[in-house]
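Asks: Handing you a structure now.
The values are calculated or read from the model by the stated rules, or taken from the named source; none is laboratory data. Note that the structure is predicted; figures quoted are calculated from it, not measured. Virtual Cβ from ideal backbone geometry, glycine too; neighbours counted across all protein chains shown. In case anyone asks, the SASA skips ligands and DNA or RNA and just uses the protein heavy atoms, side chains included. Shrake-Rupley method; radii C 1.70, N 1.55, O 1.52, S 1.80 Å.
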Amino acid sequence: MIKKEKLPVSILSANFNNGPFLKDFFESIIASSSLPSQICIVDDGSSDNSVQIINQFKSKFESLDIKFSYILFNNNQGFGKALNAALEVVEHEFTLRIDPDDLMKPNRLELQIEFMKKNPKCAVLGGNIEYFSSKTKKKLRSSSVPLKERDISKNFLSGCVPLIHGSTFFRSDLLKKFKYRPEVVPAEDYDLFSRILKEGHMLCNIPEILTEVRVHNLSTTNFISYRTIEKTFRIREEVWSLKFSFFNSYRRFYNQKFYRKFLYDASITRFAYFFLAALLWPESIVRNLKSKFEL
């Protein structure tokens, strides 16, 4: 067996009832062309067989000389608190974020650490993701994140999240400084990235696909709530001093709802959803097309 290089990276993840997907998640890490030095995972009071599966893989990672830092919550405390607890035990220079129902691309570690070392001003690095159906395993679509610094900044001011949380790679000392705010979940990604950007740090994206995101009945990819959009716009007002508007928050909610229907609907009616999404928030459609074709 060829010995793989270990990189100064801690993988940060929070699990809640992802038992059916944990084996695939852990095996995608083991199959990477390079390995992390540490896995930091919290089980947030799961009621399925998650704990048994995590314990099984603990020994597998330790046999590869990968430190496995595992925290068990007896009761569900929420995504933000779980991530912060895992963050407390991070030991390495870089932290990679991924959710335990997703899969890591084999070259993700190498791509992100190489970029961060070549670009020392970059504080957080994201990239593209590929969505796949949990039932059929078929690819549904891939994302098209903005690559230019000015386009990333503009997205935050309009209430969008231009870095995909499950693709991000942090300088660990910076992530430990800012942490997650549990009270803003499920808009914790927009909040965290906005606060980092507001303090003058650079956020970046690369075009490569870094994560395969599973679409299933309980995934947030399948469902977007108005609560998420409202919290995002409240944070936008708090961080960027841009006045909250119920009209714009509802406009954004239905824009995203119809755009997701366009992306995942296979019938001819999908183009009607695209028209409705564009009608509600045309600038977001322009941004998506711009990113897609790298104009």
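Asks: What's the number of the condition ASN76 fails, among (1) surrounded by 15 or more Cβ atoms within 10 Å (Cβ to Cβ); (2) in a strand (DSSP E or B); (3) more than 17 Å from the chain's Cα centre (by Cα)?
Replies: Just one mismatch for ASN76, condition (2).
Asks: Here is a follow-up. Between SER172, SER158, SER142, which is touching a strand residue (DSSP E or B) at 6+ places or on another chain (Cβ under 9 Å) and farther than 21 Å from ALA14 by Cβ?
Replies: One residue alone meets the criteria, SER142.
Asks: Continuing with this model, one more query. Can you pull out the residues in the stretch 82-104 that are over 17 Å from VAL51 (Cα atoms), assigned to a loop (DSSP other than H, G, I, E, B) and over 11 Å from the mean Cα position of the chain (by Cα)?
Replies: GLU88, VAL89, VAL90, GLU91, HIS92, GLU93
Asks: Go through the stretch 242-269 and give me each residue that's assigned to a helix (DSSP H, G or I) and farther than 19 Å from VAL215 by Cβ.
Replies: PHE246, PHE247, ASN248, SER249, TYR250, ARG251, ARG252, PHE253, TYR254, ASN255
Asks: Out of THR221, THR211, report the one residue that is at pLDDT below 95 and open to solvent by less than 30 Å² (accessible area, probe 1.4 Å). Explain how you work it out, then say what you get.
Replies: Numbers: THR211 fails: at pLDDT below 95.
Answer to the selection: THR221.
Asks: Within the bounds of the stretch 230-237, is there any residue that is hydrophobic (A, V, I, L, M, F, W, C) and either open to solvent by 20 Å² or more (accessible area, probe 1.4 Å) or more than 28 Å from PHE16 (Cβ to Cβ) (or both)?
Replies: The answer is no, given that none of the residues of the stretch 230-237 is hydrophobic (A, V, I, L, M, F, W, C) and either open to solvent by 20 Å² or more (accessible area, probe 1.4 Å) or more than 28 Å from PHE16 (Cβ to Cβ) (or both).
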